[in-house]
Amino acid sequence: MILSLLTGRRAAPSLDDRLAEARTLAERGDYDAALAIWGPLAHQGVARAANNVGACFMGGLGVARDEALGLRWLTLAAEGGDPAGQRNLASACLQGQGCEPDPAAALHWYRKAAEGGDAPARDMLSWMLLEGELTPPDPVEARRWAELAAADGVASAMTRMGMIFHNALGVERDAALAASWWAKGVEAGDADAMAMLGAANHLGQGVERDPLRAMTLLVMARDRGSPLAGTFFGVVRASLSDEAFALAERLAAEASAEGGAA
């Protein structure tokens, strides 16, 4: 800065400044301008820029959708050590975007990204280790990554932690701890957590039995599209009067409007 003042020249923006500028442009929806920054940086070997270029081709953002080309850029980003690029490449491999579905490659790249500190990758790695068909389930390792992702604020990981303790997956069954994790997921806005905590309130498992709160949570879960809500909705609804159900719907609407939990 001092040198620029003495010479009358402005210092060239740093790499972080250029990436931040491109991100701001992308957040505004100006992907053409963002790509004008990311493109040259990606060709220079900047892994994060390569990830962003790849994501644009995958999603058709500012360019024509081209999954094969997107996959090539994501591969460069992943091999360059960018955790977001590794996670996005893993997702592409899992879903077969630009390639044949390759769960083994997806597991590899999710693990790389998770080890690099990427929270969504930790969540997905946990899911693959627990529910994936590639290898026998590894609930102990799945719980470790889910707990790390939950600590990073990933709501679905909080819900998975609840399921791990509810279903005794590599741990002793603990209904109270399961309900506690679901409550955290509810606070973070996860619809499946709302459904499971609603069921726990209906049955009195890990929490006091509270049919009204159960119905309120299930209404919230249903309205947010949780497939688990339908499993419990009918039986809880049948246990309530029309007046109580109307109150539950009102409480759910109020909680949603406030952005909070029931």
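Please specify each residue of region 35-45 satisfying the condition of being surrounded by fewer than 24 Cβ atoms within 10 Å (Cβ to Cβ) and not polar (S, T, N, Q).
Within region 35-45, Leu35, Ala36, Ile37, Gly39, Pro40, Leu41, Ala42, His43, Gly45 qualify.
Arg48 versus (1) of a type outside the set (Ser, Thr, Tyr); (2) touching a helix residue (DSSP H, G or I) at 6+ places or on another chain (Cβ under 8 Å); (3) surrounded by fewer than 19 Cβ atoms within 10 Å (Cβ to Cβ): which is the lone unmet condition?
(3)
Determine, yes or no, whether Asn88 is among the polar types (S, T, N, Q), surrounded by 19 or more Cβ atoms within 10 Å (Cβ to Cβ) and more than 27 Å from Glu133 (Cβ to Cβ).
When the stated conditions are applied, Asn88 does not pass them.
Looking at the structure I just gave you, is Ser256 in a helix (DSSP H, G or I), hydroxyl-bearing (Ser, Thr, Tyr) and either without any contact (Cβ under 8 Å) to a residue 24 or more places away in the chain or surrounded by 13 or more Cβ atoms within 10 Å (Cβ to Cβ) (or both)?
yes
Please specify each residue of region 210-241 satisfying the condition of being small (Gly, Ala, Ser) and buried (at least 24 other Cβ atoms within 10 Å of the Cβ).
Ala214, Ala221, Ala229
Which one of Leu35, Leu19 is modelled with pLDDT of 95 or more, touching a Lys or Arg at 6+ places or on another chain (Cβ under 9 Å) and either over 26 Å from Lys112 (Cβ atoms) or not assigned by TED's automatic domain parsing to the domain that holds Ala105 (or both)?
Residue meeting the stated conditions: Leu19.
Which of the residues that make up region 20-50 are under 19 Å from Glu79 (Cβ atoms) and in a helix (DSSP H, G or I)?
Trp38, Gly39, Leu41, Ala42, His43, Ala47, Arg48, Ala49, Ala50
What's the number of the only condition in (1) without any contact (Cβ under 8 Å) to a residue 40 or more places away in the chain; (2) touching a helix residue (DSSP H, G or I) at 6+ places or on another chain (Cβ under 7 Å); (3) not aliphatic (A, V, I, L, M) that Gly98 fails to meet?
It is condition (1) that Gly98 fails.
Only one residue in Gly85, Gly70, Gly98, Gly62 is out of contact with any Ser or Thr (no Cβ under 6 Å at 6 or more places or on another chain) and under 18 Å from Glu115 (Cα atoms), so which one is that?
Just a single option satisfies the conditions, and that option is Gly85.
Counting only residues that are exposed (fewer than 15 other Cβ atoms within 10 Å of the Cβ) and on the phi < 0 side of the Ramachandran plot, how many does region 128-170 have?
9
Looking at (1) assigned to a helix (DSSP H, G or I); (2) within 21 Å of Ser180 (Cα to Cα), which is the only condition Glu243 fails?
Of everything listed in (1) assigned to a helix (DSSP H, G or I); (2) within 21 Å of Ser180 (Cα to Cα), Glu243 misses just condition (2).
Please go through region 185-209 and give me each residue that is surrounded by fewer than 21 Cβ atoms within 10 Å (Cβ to Cβ) and under 17 Å from the mean Cα position of the chain (by Cα), ordered by number.
Matches in region 185-209: Glu187, Ala188, Gly189.
The values are calculated or read from the model by the stated rules, or taken from the named source; none is laboratory data. Worth saying up front: this structure is predicted, and the values here are computed from it rather than measured. Please note: Cβ atoms are built from the backbone with ideal geometry, for glycine as well, and neighbour counts cover all protein chains shown.
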